[in-house]
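These notes concern the structure reproduced below.
The values are calculated or read from the model by the stated rules, or taken from the named source; none is laboratory data. The structure displayed is predicted, hence computed values, not measured ones. Counting neighbours? That spans all protein chains shown, and the Cβs are built from the backbone with ideal geometry, glycine included.
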């Protein structure tokens, strides 16, 4: 399984049961990066993908994802799926947000190595940093 997720500058993922931020360009970039691979999402994430199609809604994407498939994770699902992933695509919105769920352990500290970094301008964010990590 591979995962993608978005976060704030300090690893912020969720605040008050909601995503801290979203950006349409990050979603478009994720879809383009994944290419022909399957993308699994939970029902909560459908709002982000509904205009683009090509996704599979699942209550338990971690269990349904094949080895080469992607799970676009949000909130606590990032924390659960990250140690199981072999590839990670993260989007850092480079802004600080209030949070009650955050990523405390970055991929580099979990045995991943960064293979790509790209800075881009988003739809709602002046700066987004996309990092791609793989686990050997």
- Only listed residue being closer than 24 Å to residue 36 by Cα, touching a residue at least 40 places away in the same chain (Cβ under 8 Å) and touching a strand residue (DSSP E or B) at 6+ places or on another chain (Cβ under 9 Å), chosen from 71, 93: 71
- Task: Determine, yes or no, whether residue 15 is under 19 Å from residue 63 (Cβ atoms) and either touching a residue at least 40 places away in the same chain (Cβ under 8 Å) or surrounded by 15 or more Cβ atoms within 10 Å (Cβ to Cβ) (or both).
- Result: no
- Filtering the stretch 10-23 for residues that are more than 13 Å from the chain's Cα centre (by Cα) and not in a strand (DSSP E or B) leaves a count of 3
- Every listed condition ((1) modelled with pLDDT under 95; (2) under 21 Å from residue 135 (Cα atoms)) holds for residue 8 save (2)
- Task: Return a yes/no flag: does the stretch 60-81 have any residue that is under 12 Å from residue 7 (Cβ atoms) and over 14 Å from the mean Cα position of the chain (by Cα).
- Result: no
